[in-house]
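Down below is the structure, laid out as structure tokens.
The values are calculated or read from the model by the stated rules, or taken from the named source; none is laboratory data. Here the structure is a predicted model, which means the values were calculated and not measured. Virtual Cβ from ideal backbone geometry, glycine too; neighbours counted across all protein chains shown. To get the accessible areas, we keep the full protein, side chains included, count just its heavy atoms, and leave off ligands, DNA and RNA. Shrake-Rupley method; radii C 1.70, N 1.55, O 1.52, S 1.80 Å.
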Amino acid sequence: MISGIGLDLVELDRIQTIYERNARFAERILSVRERQKFQMLSDGRKLEYLAGRFAAKEAFAKALGTGIGENCTFQQIEVLNDSLGKPILYFQNTLVNGFVSITHTKHVAAAQVILQEGEA
Ligand SMILES: CC(C)(COP(=O)(O)OP(=O)(O)OC[C@H]1O[C@@H](n2cnc3c(N)ncnc32)[C@H](O)[C@@H]1OP(=O)(O)O)[C@@H](O)C(=O)NCCC(=O)NCCS
């Protein structure tokens, strides 16, 4: 049964401005494992990756119904990729029963999250 949905859209130039002002923004948004991948990317891909993770985490917080806050921080949400590149969601180091999809263009990144309860 579907227990939550969340959608988020982020402008890349907004993320770029914040990141240029403060490189620690990536540390605030990305988990340690996400940062390991981020460090290996080209500058263009870095921006897409950071904006896509930001959107995915906001979409997850909406699907959960809490928004980003003390019970759902950017660090508690992690989006890793499987061997084919498909994004997989973790919350508080536990695999999430649900789905995330991320997209980006030259200007925006967007993400959608669907959460499930019980058996699919
Ligand atoms: C919910 C959250 C993710 C909203 O994000 P946002 O980018 O400010 O706003 P968006 O335009 O993407 O979404 C707004 C919509 O989210 C929805 N929303 C708000 N709180 C929500 C919640 N607790 N659960 C689910 N959806 C929620 C509402 O429908 C709202 O639109 P409405 O007020 O017209 O009904 C919020 O937790 C948040 O503000 N996060 C930002 C955290 C942060 O640190 N940002 C700074 C980084 S620079």
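Here is how the numbers come out for the structure above:
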item: For region 2-116, size of Cβ-based charge dipole, Lys and Arg +1, Asp and Glu -1, in debye; result: 160 debye
item: For region 32-79, alpha-carbon Rg relative to the globular expectation (2.2 N^0.38 Å, N residues); result: 1.21
item: Backbone N under 12 Å from the Glu119 label point (7 Å along Cα→Cβ), restricted to region 1-21; result: 1
item: Difference of contour (0.36 nm per residue) and Cα-Cα distance, Lys37 to Asp13; result: 6.5 nm
item: Gain on full stretching of the segment that runs from Lys106 to Gln75 - 0.36 nm per residue minus C-alpha separation; result: 8.6 nm
item: Helix-only CD estimate at 222 nm, as mean residue ellipticity for the chain, using -39500 (n - 2.57) per DSSP H run (n ≥ 4); result: -12000 deg cm²/dmol
item: Whole-Å distance, taken between Cα centres, linking region 10-29 and region 37-104; result: 15 Å
item: Largest to smallest accessible area among Asp13, Asp43, Asp8, Asp82 [probe 1.4 Å]; result: Asp43, Asp13, Asp82, Asp8
item: Relative counts (whole %) of C-alpha pair distances in region 2-116, using bins that are 5 Å wide; result: 2, 13, 23, 28, 20, 10, 3, 0
item: Probe 1.4 Å, protein heavy atoms only - accessible area per residue of region 2-116 in square angstrom; result: 57 Å²
item: Cα long-axis angle, helix 43-64 against the chain (0 to 90 degrees, to the nearest 10); result: 30 degrees
item: Carbon plus sulfur fraction of accessible area for the chain, probe 1.4 Å, in percent; result: 51 percent
item: Long-range HN-HN contacts of Gly4 with modeled amide H, under 5 Å; result: Leu115
item: Value of Rg/Rh across region 47-113 [Cα atoms, Kirkwood radius]; result: 0.95
